[in-house]
Protein chains: 2
Amino acid sequence: MERCDVLAGHSEEPGRLTRRYGTPALRAAQEVTAGWMRGAGMAVHRDPIGNLIGRYPASTEGRETPALLLGSHLDTVRDAGQYDGALGVLVALAAVQGLRDGDEHLPFAVDVVAFADEEGLRFHGAYLGSRAFTGTLDPAALSLRDVDGITFAEAIRSVDGDPDALPAARVDFSDLLGYVETHIEQGPVLEALAVPIGVVSAIAGQSRLDVRFGGEAGHAGTVPMTRRRDALCAAAEFVLTVEAAARERAGVVATVGQITVEPGARNVVPGTAALTLDVRHEDDAVRDAVVRHLELRAREIADRRDVEVACRPVGASNGVRCDPDLSAVLARAVEAVGCPVRRLLSGAGHDAVALAALAPVAMLFVRCAGGISHHPAESVSVEDVSVAIEVMDHFLVAMAHRSLPVA
Amino acid sequence: MERCDVLAGHSEEPGRLTRRYGTPALRAAQEVTAGWMRGAGMAVHRDPIGNLIGRYPASTEGRETPALLLGSHLDTVRDAGQYDGALGVLVALAAVQGLRDGDEHLPFAVDVVAFADEEGLRFHGAYLGSRAFTGTLDPAALSLRDVDGITFAEAIRSVDGDPDALPAARVDFSDLLGYVETHIEQGPVLEALAVPIGVVSAIAGQSRLDVRFGGEAGHAGTVPMTRRRDALCAAAEFVLTVEAAARERAGVVATVGQITVEPGARNVVPGTAALTLDVRHEDDAVRDAVVRHLELRAREIADRRDVEVACRPVGASNGVRCDPDLSAVLARAVEAVGCPVRRLLSGAGHDAVALAALAPVAMLFVRCAGGISHHPAESVSVEDVSVAIEVMDHFLVAMAHRSLPVA
């Protein structure tokens, strides 16, 4: 927890925590973390995009030494809390420190990774750090520009990285046992269940749409109700339809986060209403069905009200199921520390989404106060964090037993 | 109609019609109109605020000569149509021209007034011209400032007016027969009824409120539907309640013209939703009842959803009933030209609202294409305008008969 405080001191902005990719603040946070890695007996290096990687060697190192990856990210959103990302790196570090303190080495190496860009605050890309790490980064991302016009490629060079080496950056993970990420929940489920930690079953897929209703603007005083084609009334019906559709289907969340009307005057009937739609569920087929249902309902509402509607998809990502075997080992570690095993869905995205392209993934969620994240009020308890570290200790031991050659 | 075209040529902006109070464009439109007034045998003057007044003398002029007021306004909204306001002045002028052409004088003077500020585009005041004319202008209005920081008092001086004389500006209307205004309907009712003109029964009163729902912002992926306090969903329910409440009550119009949500991000559940409410009806008691009903329903919605709501009145004006006797004379004039008499409510405000403080008022609406106003597409037909002028001719004759001393 003290280390979380130390990392939170490295920010681009005085008085609040903001740590984007390629900034001196992130570099400073990495330097501090690298020091702790070395203190835990790890060999430290940076990959071509600037992810920080510490390796705690296996009991027998060789060409084919298997490795287990633990980690999360060190970049933040603007005006962030101090646990989103950092906690996962530091829990992993604490678990390795436990091995080091017992002078224990496992039949596999433990790599702790601190990804350099997960939030995408600077270049608006998704999982730039972990995608580069896994060799799945679209080269087009190198042309993304920040608000100052600096390209991602330039930013990579500015931190002594090498954008040209990215396609080759993919480590040889021929014997990668898996990737396990600890993260704050960012939601209220564990708090409601009154448990400190939970095992993530899946990371939800997500559909993003822009929906625009087009009616007819008119004078608020002179157009009778029966002659109106009010775009906002159509949008309001749709907002409630979205809410009802999600409530009717277990695990679905659907959100209208933005809405704007034109002309947008107090005394003018809205002629257009534009809104955003965000639908998430762990099962891609369920999510697709909900989106199709909502598109149909939008058209029904529009037809009945004699207005136009256009639904435009603006992005989607499929759900990622956590690996059943790896998650079972994690769940047994939770039981081993005397906690009930609660499985829950992650509605937010994580580096584990990118890692799933390469290896089995599992995630451990830590209860956070009020479900608040991406906000300075983000908070976890020292007791819950200590449970998480204990779980990781047990998990490493269990993985060691699992990976022992059968006698 | 040609005169409407000529007036539309006097604008502050090239390519579109904008004519605010106190601008050279308005002054030029007044000069042209003053010339037409003189041509119709009228004596022309400006009052201390700059309203243009032409007097066509009575058959016998004296100290106690009664007068009938006809008119409308010459200022416009931004990017206006060319009939809103101007048409009423020019129909009145045409009717007086008819008297002049027949060398006819009535037992009362006919005053044609072209008010200098009805739309309130420059100083955001309501009926500044006609309120000054009737001596009901709040002196505080003189401190209103335009976007350049110029006060209304300074603007009055810049057009050779005299803000200090305003309290005394009220003419002695000891024998004012009434005020009759011709105006485009600005709505679709006459077009739907397929009649060229209509007699206004009343000008609706108006209630304006700001309504703000306050819930709890949250992550669109991690907060389950059952735990949300989504301010936009509450607002959407309210928007539909507003629509339903107005539809259920004859003649009520209610509009949510603006809505904004915070934080307003695609992946964040809205924490607050602020909207405007505009409710109009000719009967103040009905309007007040609708507003109270909607305030109650807003609270019910908020309570059920565990969100906060605040309803803040930001302005109201009472309805104005057109004078039954004056309107009856106008209706008979409509019958006299062979038109069916259709009575309709004015949902928009007019100078007649200010004049009602002083004299009986009546209004004649002219059908406009598609109900469109405050837009360059504003349009009336030459046939409908000619019907309106004919009605005014008949109306003047009828008023002359009515005002003749009983034998």
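The values are calculated or read from the model by the stated rules, or taken from the named source; none is laboratory data. Computed from a prediction, not measured in an experiment: that's the story for all the values here. Note that each Cβ is placed from the backbone with ideal geometry, even for glycine, and that neighbours are counted across all protein chains shown.
Within the bounds of segment B:365-373, is there any residue that is away from chain A (no Cβ under 12 Å), within 28 Å of B:ALA8 (Cα to Cα), surrounded by fewer than 21 Cβ atoms within 10 Å (Cβ to Cβ) and out of contact with any Phe, Trp or Tyr (no Cβ under 8 Å at 6 or more places or on another chain)?
For segment B:365-373, residues away from chain A (no Cβ under 12 Å), within 28 Å of B:ALA8 (Cα to Cα), surrounded by fewer than 21 Cβ atoms within 10 Å (Cβ to Cβ) and out of contact with any Phe, Trp or Tyr (no Cβ under 8 Å at 6 or more places or on another chain): present.
Take segment B:128-159 and flag every residue that is within 18 Å of B:HIS350 (Cβ to Cβ), out of contact with any strand residue (DSSP E or B) (no Cβ under 8 Å at 6 or more places or on another chain) and not aliphatic (A, V, I, L, M).
B:ARG131, B:THR134, B:THR136
So B:ALA246 clears everything in (1) in contact with a strand residue (DSSP E or B) (Cβ under 6 Å, 6 or more places away or on another chain); (2) surrounded by fewer than 24 Cβ atoms within 10 Å (Cβ to Cβ); (3) more than 9 Å from chain A (Cβ to nearest Cβ) except one condition, right? Which one?
Against the list (1) in contact with a strand residue (DSSP E or B) (Cβ under 6 Å, 6 or more places away or on another chain); (2) surrounded by fewer than 24 Cβ atoms within 10 Å (Cβ to Cβ); (3) more than 9 Å from chain A (Cβ to nearest Cβ), B:ALA246 comes up short only on (3).
So is A:GLY187 modelled with pLDDT of 95 or more and assigned by TED's automatic domain parsing to the domain that holds A:SER72 or not?
Considered against the rule, which asks whether it is modelled with pLDDT of 95 or more and assigned by TED's automatic domain parsing to the domain that holds A:SER72, A:GLY187 comes out as no.
Of all residues being part of a loop (DSSP other than H, G, I, E, B) and within 21 Å of the chain's Cα centre (by Cα) in segment B:178-227, which is farthest from B:ALA289 (Cα to Cα)? Just the residue, please.
Per the criteria, the residue is B:PRO196.
Are any of the residues in segment B:260-279 more than 26 Å from the chain's Cα centre (by Cα) and of a type in the set (D, E, K, R)?
yes
Consider B:SER72 carefully, then state whether it is of a type outside the set (A, V, I, L, M, F, W, C), at pLDDT 95 or above and within 20 Å of the chain's Cα centre (by Cα).
yes
Determine which single condition A:GLY251 fails, assuming it passes every other condition in (1) at negative phi; (2) within 24 Å of the chain's Cα centre (by Cα).
(1)
Listed residues A:GLY198, A:GLY187; which is in contact with a Pro (Cβ under 9 Å, 6 or more places away or on another chain), within 14 Å of chain B (Cβ to nearest Cβ) and not β-branched (Val, Ile, Thr)?
A:GLY187
If I ask for residues that are of a type in the set (Gly, Ala, Ser) and either surrounded by 19 or more Cβ atoms within 10 Å (Cβ to Cβ) or under 20 Å from A:TRP36 (Cα atoms) (or both), which ones from segment A:55-74 would you list?
Across segment A:55-74, the qualifying residues are A:ALA58, A:ALA67, A:GLY71, A:SER72.
Does at least one position in segment A:304-323 carry a residue that is closer than 26 Å to A:VAL200 by Cβ, touching a strand residue (DSSP E or B) at 6+ places or on another chain (Cβ under 9 Å) and crowded, with 22+ Cβ neighbours inside 10 Å?
The answer is yes; a qualifying residue exists.
Yes or no, residue by residue, for (1) modelled with pLDDT of 95 or more; (2) touching a helix residue (DSSP H, G or I) at 6+ places or on another chain (Cβ under 8 Å); (3) within 14 Å of another protein chain (Cβ to nearest Cβ):
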position: B:LEU296; (1), (2), (3): yes, no, no
position: B:VAL314; (1), (2), (3): no, no, yes
position: B:LEU330; (1), (2), (3): yes, yes, no
position: B:GLU335; (1), (2), (3): yes, no, no
position: B:GLY338; (1), (2), (3): yes, no, no
position: B:LEU345; (1), (2), (3): no, no, yes
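Does segment B:230-243 hold any residues that are without any contact (Cβ under 8 Å) to a residue 60 or more places away in the chain and more than 7 Å from chain A (Cβ to nearest Cβ), and which are they?
Selection gives B:ALA235, B:VAL242.
Quick check on A:LEU17: is it under 19 Å from the mean Cα position of the chain (by Cα) and within 30 Å of A:GLY149 (Cβ to Cβ)?
When the stated conditions are applied, A:LEU17 passes them.
Has segment B:18-30 got any residue that is closer than 27 Å to B:HIS374 by Cβ and touching a Phe, Trp or Tyr at 6+ places or on another chain (Cβ under 8 Å)?
yes
Among the residues that make up segment B:208-229, is at least one of them away from chain A (no Cβ under 11 Å) and among the small types (Gly, Ala, Ser)?
Yes, segment B:208-229 contains at least one residue that is away from chain A (no Cβ under 11 Å) and among the small types (Gly, Ala, Ser).
Checking the structure you have, find out if any residue of segment A:259-278 is under 30 Å from A:LEU137 (Cβ atoms), outside the structural domain of A:GLY187 (by TED's automatic domain parsing) and not acidic (Asp, Glu).
yes
Pick from segment B:250-268 the residues that are modelled with pLDDT of 95 or more and outside any loop (DSSP other than H, G, I, E, B): which of them is nearest to the other protein chains (Cβ to nearest Cβ)?
Once the filter is applied, the top-ranked residue is B:THR255.
Of all residues in segment B:269-283, count the ones that are away from every other protein chain (no Cβ under 12 Å) and at pLDDT 95 or above.
1
Would you tally the residues in segment A:93-145 being charged (D, E, K, R), farther than 18 Å from A:TRP36 by Cβ and not in a loop (DSSP other than H, G, I, E, B)?
The qualifying residues number 2.
Would you call B:VAL195 touching a residue at least 24 places away in the same chain (Cβ under 8 Å) and surrounded by 20 or more Cβ atoms within 10 Å (Cβ to Cβ)?
No.
Based on what the data block shows, is A:SER201 hydroxyl-bearing (Ser, Thr, Tyr), in contact with a Lys or Arg (Cβ under 7 Å, 6 or more places away or on another chain), at pLDDT 90 or above and farther than 22 Å from A:LEU90 by Cα?
Here the answer is yes, as A:SER201 does meet what is asked.
If you go through segment A:353-407, how many residues are in contact with a Gly (Cβ under 7 Å, 6 or more places away or on another chain), aliphatic (A, V, I, L, M) and at pLDDT 95 or above?
The total comes to 2.
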